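Taking it in order: structure first as structure tokens, then the write-up.
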Protein chains: 2
Amino acid sequence: MTTSPRTRRDGTETRALARRTALRLFTEQGYEATSLRQIADELGINKASLYYYFDSKEAILQSLFDERGTEAEQLLTWLREQPRAPELLEAAVLRWVDSCTAEKLQGIRFMTANPLVARTLTGRPGGDRIVAGLTHFADELAALLPDPSPQNVMLLRMAVLSINAAVSAAPPTGIGDDDVIAAARRAARAVLAEIRGGGPIEPPPRSP
Amino acid sequence: MTTSPRTRRDGTETRALARRTALRLFTEQGYEATSLRQIADELGINKASLYYYFDSKEAILQSLFDERGTEAEQLLTWLREQPRAPELLEAAVLRWVDSCTAEKLQGIRFMTANPLVARTLTGRPGGDRIVAGLTHFADELAALLPDPSPQNVMLLRMAVLSINAAVSAAPPTGIGDDDVIAAARRAARAVLAEIRGGGPIEPPPRSP
DNA sequence: GTCTATACGGTGATAGAC
DNA sequence: GTCTATCACCGTATAGAC
């Protein structure tokens, strides 16, 4: 081995810092519009030094996807072991929405800013696991719909992606992460209610 | 003049075709990932010939924004001459949603695929009039909210942008434009109801 | 209007010294 | 680990013949 414990530790720290920097720049400017030179400059290192930590620019992207790629899959695993019930629909959607912490929001922001970039990694291991995982998640939930009309399937997908919609709708500044997440939750519930009721009118609860 | 009527007519047709081709490629692959060579190839002309119709790649982008930039402004103009009333909120949002024809959807798809590209044109005349116009629209509507809390402002913005959310949520194929628009409308109404009621439960209609 | 040829810069990436 | 130097390539854009 050529790496001592000390250099190894410094290395992984720099690598982690590079990932965070890349994530920020990719989110602000887009993946294609961000050059390796720019990332290196912000890190205070030379452009070529980045290649010590990553094999290519695409490898940086890949590592960002890998970091957060398992979440959607875990959600899917959880869903498949739940007993089928009408309440599962709302429970599952809200489980996903509520799992979104303020830290996870930056991942959503990155994906929202680069909606097409996932296709760059298609075919490779761990490519677009987030997108694919959420898609499968929504598709599996669609089987629970009493009326799986195209519109209702669409509304279900919109409920699942309410966090993304909230991030897209949020102005660049002035609204805190908490309110973004809370708004996403309320929107998801409202859309789910629309699917159930076919309209805003809910039958009043009846006690026997 | 160096252009005869005949060449002039052919020219504007080619220009229009180039715009449509660019719009499609920008939507499929992204603005930065699409090269002028690619656009020229699909048109069956040389790369350099594009510069007869457009001064630069950015000029192509600009022309696409100009084509659909006035709609949000017209909406804003309409809003400002409406009498203030509680029903104006939902009426205004639905006016925007319902104005979305199947043809207009491709504009939304382009913007959804290139969320950051509007900033490329900021400062220039007619830059991001769509985004800015819709933002102003939502902000003006926010003044009509009984409770303009950050969450409610967020929800209002999400209702206005429900078309964008629907486009983002729609799978690449399998769902028609009509269902996408219809789902957006239902989602917008559901979110507006959530703002009004603060919850999915609506009081049942009471006849005196 | 369309072409060929070319200029120019920036990009991702590699080799090798230290 | 970080650097300098260098590479091939592709991007936009221009000049000028036809």
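The values are calculated or read from the model by the stated rules, or taken from the named source; none is laboratory data. If you're wondering where the values come from, they're calculated on a predicted model, not measured in any experiment. Cβ atoms come from the backbone with ideal geometry, glycine included; neighbour counts cover every protein chain shown.
List pairs: first residue in segment A:156-178 and in the same structural domain as A:E90 (by TED's automatic domain parsing), second residue of a type in the set (G, A, S) and surrounded by fewer than 18 Cβ atoms within 10 Å (Cβ to Cβ) anywhere in the structure, Cβ distance under 6 angstrom, at least six positions apart or on different chains.
A:L156/A:A142; A:D177/A:A102
If the requirement is being hydrophobic (A, V, I, L, M, F, W, C), in contact with a Gly (Cβ under 9 Å, 6 or more places away or on another chain) and in contact (Cβ under 8 Å) with a residue 24 or more places away in the chain, which of these qualifies: B:L61, B:L76?
B:L76
Provide a single number: the residues in segment A:137-162 that are away from chain B (no Cβ under 11 Å) and within 14 Å of the chain's Cα centre (by Cα).
Residues in segment A:137-162 being away from chain B (no Cβ under 11 Å) and within 14 Å of the chain's Cα centre (by Cα): 1 in total.
Take the conditions loosely packed, with under 12 Cβ neighbours inside 10 Å and within 16 Å of DNA strand C (Cβ to nearest atom) and apply them to A:D41. Does it pass?
Answer is no for this residue.
Looking at A:D41, A:D66, A:D98 in this structure, which one is within 14 Å of DNA strand D (Cβ to nearest atom) and acidic (D, E)?
Criteria check complete, one pass: A:D41.
How many residues are farther than 20 Å from A:T14 by Cβ and among the aliphatic types (A, V, I, L, M) when one looks only at segment A:57-78?
3
Anything in segment B:28-51 that is under 22 Å from B:M111 (Cα atoms) and among the hydroxyl-bearing types (S, T, Y)? List them, or say none.
B:Y31, B:T34, B:S35
For segment A:163-192, which residues satisfy the criterion of being buried (at least 24 other Cβ atoms within 10 Å of the Cβ), within 7 Å of another protein chain (Cβ to nearest Cβ) and among the small types (G, A, S)?
Across segment A:163-192, the qualifying residues are A:A165, A:A166, A:A169, A:A170, A:A183, A:A187, A:A190.
Only one of A:A59, A:A16, A:A91 is within 15 Å of DNA strand D (Cβ to nearest atom), of a type in the set (A, V, I, L, M), surrounded by fewer than 19 Cβ atoms within 10 Å (Cβ to Cβ) and more than 25 Å from B:T112 (Cβ to Cβ); which?
One residue alone meets the criteria, A:A16.
For segment A:62-85, which residues satisfy the criterion of being exposed (fewer than 13 other Cβ atoms within 10 Å of the Cβ) and either in contact with an Asp or Glu (Cβ under 8 Å, 6 or more places away or on another chain) or among the hydrophobic types (A, V, I, L, M, F, W, C) (or both)?
A:R80, A:A85
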